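The values are calculated or read from the model by the stated rules, or taken from the named source; none is laboratory data. All values derive from a computational prediction rather than experimental measurement. Cβ atoms come from the backbone with ideal geometry, glycine included; neighbour counts cover every protein chain shown. Note: accessible area is taken over every heavy atom of the protein model, side chains too, but ligands, DNA and RNA are not part of it. Shrake-Rupley method; radii C 1.70, N 1.55, O 1.52, S 1.80 Å.
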Amino acid sequence: MGYNKSLIKRIENVFRKSWEQPALTDWGSNITYKYGDVATRMCFIHSLFDVLGIKPGDKIAICDKNCSNWAISMLAIITYRAVAVPLLPDYSKQQLKMLCEHCDAKFMIGNRQLSTLWEEGECPMYLLDTEDLLTMTPNTATDKVEEEAFHRFRTNHPNGYTREDVCYEAEDPDALMLLSYTSGSTGNPKGVMLSYKSLWSNQMFASDALPYKPGMQLLLILPMAHMFGFSFDFLYGIMLSAHLYVLTKIPAPGVLIKAFAFIKPDYFLCVPLVMEKIIQAKVLPVLNKPSIRFMMKAPGFRQFICRKFRNQLSVALGGNFHSVIMGGAPLNKEVEKVLRMVKFPFTVGYGMTECGPIITYADWRELRAGSCGKAALNMEVKILSDDPQHEPGEIVTKGINTMMGYYKNPEATQEAIDKDGWLHTGDLGVIDKDGFVYIRGRKKNMLLGANGQNIYPEEAEDQVISYSIFDECVVVQRDEKLVALVYVSDLTLKAAETNRESLDLEAIRQEINQHLPKYCQLAKLEQRYEEFEKTPKKSIRRFLYH
């Protein structure tokens, strides 16, 4: 499937060709927007921009939960050639206000709660409620701006908006398209500037790597305001003329299973935590039963049991998908081992907001155990190490996907992108002779052992989660010894029929250490009674813990 170099013209073509096809459905609602409905609403939003004097290149913030209204608003911003600033609604009130002012937005689309960020009369931009935007009519317009927008819309299209009316001006590929704020797991958020060609390159990668067939259906679970979900769930889905079912909130597991069964998505994007919870809750307890472990030793029974688990997992996810694609964090090694054993079709990619997001990827049939694939289309990857195949070094990358820099932060930009154009990811890894990358940990998280050995706390944390009851873990260094800060939820304790007071931390520590190298042994487990503080994309704010 080929792409023109203009993202906007590609979107125009989709709306013209797919006018009568279903585009967006909020899962659980009885309302479905066809591509023609979406294009008509986008045209009205453009009229609002015109009335307010907004020009291409101006910043427009959008802040709301996942919903069809968010998707329509975002498409309107992109095709107007304004700069989209997606803000995660999970930010605190203070952070949202700071980001709104930092990005210099002239218009904001979001939920009603955003109006309380400023004192009355002090809001620096025009703010429109997402719900009102798509339910209002000329008779319900709340102010003169909206009335004038309706007037212009009707004047320009007296006989209604048709597919022949869809015409957008192509973008400058080097211009700023999107300003995405990182979540700040290691400090304050930074505004990543992504050009049209970066997002276009990510779409080229997707068209080459991800499945395509007419009438595709996708289930969107990841936040569309985060680059992984934005590029490969939302934007790529639109480029395919797919029908996107949007989860407006994380439902109960039973509701999610019903959604999979009804939609039968053609591929499924998630963070590793989703698969880890499924495997740890549903598969590992069965696999660890003495009778199953005994039968697994017989080749015939082993194949039967693995096939049964694979089929059950497939059916639970709709049974129609090409593969489950994970990203955003490393996959737990024990869970990966199980998925490989039952031959489940999954893959783990690697990327970051600064690359919009893709850096490395491999199809599930090619992915090597423990790796996150090879350099993606239009990207180069290397390891800053004297022996990159064996000695971990920082992962650096460059290519079309790479950001333009951090907004209003030239110092951070110079620190991230060197004079030769290599983006320093801050991640440590090795690369094999065939180009497969293996992540070892974050550069900022790396600890130095007493004998000079480099210690990657993620390695120990992975084992804590795999071989204990704990849900979350952060490994820190105190007096040259490793201490694991651990947390277990009430739900997990209830399922295990135990309580916090009954946990034998020393016995658990000894069990975990059996699976760790000597240089990475834990000296202590320290139990926390509250979850770790997290970023909006649910990464632990590690810098808060010592």
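Miscellaneous remarks
- Single residue of 524, 481, 494, 444 found to be open to solvent by 30 Å² or more (accessible area, probe 1.4 Å) and modelled with pLDDT under 85: 444
- Answer residue from the stretch 280-308, given it is free of Cβ contacts under 8 Å to residues at least 24 places away in the same chain and among the aliphatic types (A, V, I, L, M) and is surrounded by the most Cβ atoms within 10 Å (Cβ to Cβ) among those: 305
- Only a single item in (1) part of a loop (DSSP other than H, G, I, E, B); (2) without any contact (Cβ under 8 Å) to a residue 40 or more places away in the chain is not met by residue 277, and it is number (1).
One line per residue, one yes/no per condition, for (1) open to solvent by 20 Å² or more (accessible area, probe 1.4 Å); (2) assigned to a loop (DSSP other than H, G, I, E, B); (3) out of contact with any Lys or Arg (no Cβ under 9 Å at 6 or more places or on another chain):
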{"site": "310", "(1), (2), (3)": "yes, no, no"}
{"site": "314", "(1), (2), (3)": "yes, no, yes"}
{"site": "322", "(1), (2), (3)": "yes, yes, yes"}
{"site": "328", "(1), (2), (3)": "yes, yes, no"}
{"site": "334", "(1), (2), (3)": "yes, no, yes"}
{"site": "344", "(1), (2), (3)": "no, yes, no"}
{"site": "359", "(1), (2), (3)": "no, no, yes"}
{"site": "363", "(1), (2), (3)": "yes, yes, yes"}
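Here is a yes/no grid of residues against (1) surrounded by 15 or more Cβ atoms within 10 Å (Cβ to Cβ); (2) hydrophobic (A, V, I, L, M, F, W, C); (3) on the phi > 0 side of the Ramachandran plot:
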position: 159; (1), (2), (3): no, no, no
position: 162; (1), (2), (3): no, no, no
position: 176; (1), (2), (3): yes, yes, no
position: 182; (1), (2), (3): yes, no, no
position: 189; (1), (2), (3): yes, no, no
position: 199; (1), (2), (3): yes, yes, no
position: 224; (1), (2), (3): yes, yes, no
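- Candidates are the residues of the stretch 103-132 that are part of a helix (DSSP H, G or I) and surrounded by fewer than 19 Cβ atoms within 10 Å (Cβ to Cβ); the one that is modelled with the highest pLDDT is 116.
- Condition met for residue 37 (touching a helix residue (DSSP H, G or I) at 6+ places or on another chain (Cβ under 8 Å) and not in a loop (DSSP other than H, G, I, E, B)): no
- Conditions (1) out of contact with any helix residue (DSSP H, G or I) (no Cβ under 7 Å at 6 or more places or on another chain); (2) within 28 Å of residue 208 (Cα to Cα); (3) assigned to a helix (DSSP H, G or I); (4) in contact (Cβ under 8 Å) with a residue 24 or more places away in the chain: number failed by residue 13: (4)
- Taking (1) surrounded by fewer than 18 Cβ atoms within 10 Å (Cβ to Cβ); (2) in a helix (DSSP H, G or I) in turn, residue 235 satisfies each apart from (1).
- All conditions in (1) within 22 Å of residue 329 (Cα to Cα); (2) touching a helix residue (DSSP H, G or I) at 6+ places or on another chain (Cβ under 6 Å) hold for residue 521, with the sole exception of (1).
- Any chance residue 420 is among the charged types (D, E, K, R), farther than 26 Å from residue 532 by Cβ and open to solvent by less than 50 Å² (accessible area, probe 1.4 Å): no
- Near pairs, Cβ below 7 angstrom, 6+ apart or cross-chain, from the stretch 31-42 (basic (Lys, Arg)) to any residue that is modelled with pLDDT of 95 or more and assigned to a strand (DSSP E or B): 34/22; 34/23
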